[in-house]
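> Below you will find the structure I want to go over with you.
The values are calculated or read from the model by the stated rules, or taken from the named source; none is laboratory data. These numbers were taken from a predicted model, which means no experiment stands behind them. Note that we place each Cβ from the backbone using ideal geometry, even for glycine, and neighbour counts take in every protein chain shown.
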């Protein structure tokens, strides 16, 4: 193959990239990188080829090509090649490679051989961004995984306590008490939750609603009122949105619960009996 042929191959690769034809772009860029592993642009080709397969959700291939890209990146410089490899290796549950990738990027991760389990703070995560895009709060267990802390609406297809893998590129912001948090899009469900989501109606004041949430939390479950759900358009969701840390209100309203269905009546009666003059409930309906 002549140099002219190679230049045409490179041109076709990035034409496919611009057209978001990820299978073609990934295949052509990998071909170039393998043909010229010592080329000054080989690291870029490996990175873009791996990224194309990330867009395709072909995680095994993204991991394979990501290793090549990371091998040509400078450790400790926050090179995105390490981040993308960290995501792919996490999904493949190759924890040794994931640890090396995060450290190569410049992050600190817990020592060990198995699953990375740390506390990287809370962050908003957009669940199922391709269909619905509900934003919830989650606890980051590693740079790419987070456990859902809210009770998602039944329509979201997600549950309280589930662990999701999220992207590293922010897509929106949430501002709470003067602090701004980046929103990250979910890439996939990593570990499902066994707690079903149920819905019921309660009557009580704002303090009663907080007491209900505290009761369920004490049992390892969750209860969230409809006053915590805010419907906004996707354009606004991907911008900056201000939120109140305390959103409970009184009156009659729906509540989403994450708890075994057979335990809900007992917990609800315990809640009601503490202030029977104010508190009432009806339901639940499982989802």
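> Limited to segment 163-189, what total is found for residues that are under 11 Å from the mean Cα position of the chain (by Cα) and buried (at least 20 other Cβ atoms within 10 Å of the Cβ)?
8
> So if I check each of 114, 132, which one is at pLDDT below 95, farther than 26 Å from residue 64 by Cα and in contact with a helix residue (DSSP H, G or I) (Cβ under 8 Å, 6 or more places away or on another chain)? Spell out how you get there, then give the answer.
Values: 114 fails: farther than 26 Å from residue 64 by Cα.
Checking each option against the conditions leaves just 132.
> I would also like to ask the following. Looking at segment 240-282 only, could you name the residues that are within 18 Å of residue 159 (Cβ to Cβ) and surrounded by 12 or more Cβ atoms within 10 Å (Cβ to Cβ)? Explain how you work it out, then say what you get.
The initial filter retains those residues of segment 240-282 that are within 18 Å of residue 159 (Cβ to Cβ), namely 254-264, 267.
Within segment 240-282, 254, 255, 256, 257, 258, 259, 260, 261, 263, 264, 267 qualify.
> Where residues in segment 219-246 are assigned to a strand (DSSP E or B) and modelled with pLDDT of 95 or more, which of them is farthest from the chain's Cα centre (by Cα)? Before you say what the answer is, go through the steps one by one.
Our first condition is that a residue be assigned to a strand (DSSP E or B); within segment 219-246, this holds for 222-225, 240-243.
So of that shortlist, the ones also modelled with pLDDT of 95 or more come out as 222-223.
Values: 222: 19, 223: 21 Å.
Only one residue fits best here, namely 223.
> Here is a follow-up. State all residues of segment 100-119 that are within 20 Å of the chain's Cα centre (by Cα), under 18 Å from residue 59 (Cα atoms) and surrounded by fewer than 21 Cβ atoms within 10 Å (Cβ to Cβ); if no residue qualifies, say none.
Listed by number, the list holds a single entry, 115.
> Residues of segment 16-47 being buried (at least 22 other Cβ atoms within 10 Å of the Cβ) and within 23 Å of residue 166 (Cα to Cα), which ones?
26, 46, 47, listed by residue number.
> Please verify whether segment 55-72 includes one or more residues that are outside any helix (DSSP H, G or I), surrounded by fewer than 17 Cβ atoms within 10 Å (Cβ to Cβ), in contact with a strand residue (DSSP E or B) (Cβ under 9 Å, 6 or more places away or on another chain) and touching a residue at least 40 places away in the same chain (Cβ under 8 Å).
yes
> From the residues in segment 190-201 that are touching a strand residue (DSSP E or B) at 6+ places or on another chain (Cβ under 7 Å) and under 26 Å from residue 241 (Cβ atoms), which one is surrounded by the most Cβ atoms within 10 Å (Cβ to Cβ)?
Checking each candidate, the answer is 197.
> Please note which strands (runs of 3 or more DSSP E) are completely contained in segment 103-218 and include at least 2 residues that are free of Cβ contacts under 8 Å to residues at least 60 places away in the same chain. Write out each step before concluding.
On the way: elements: 122-126, 135-142, 145-148, 163-176, 179-191, 197-204.
Qualifying strands (runs of 3 or more DSSP E): 135-142, 145-148, 163-176, 179-191.
> Scanning for something out of contact with any strand residue (DSSP E or B) (no Cβ under 9 Å at 6 or more places or on another chain) and touching a residue at least 40 places away in the same chain (Cβ under 8 Å), does segment 232-251 turn up at least one residue?
yes
> To continue, here is another question. Among (1) touching a helix residue (DSSP H, G or I) at 6+ places or on another chain (Cβ under 9 Å); (2) in a loop (DSSP other than H, G, I, E, B); (3) assigned by TED's automatic domain parsing to the domain that holds residue 62, there is one condition residue 87 misses while meeting the rest; what is its number?
The number of the failed condition is (2).
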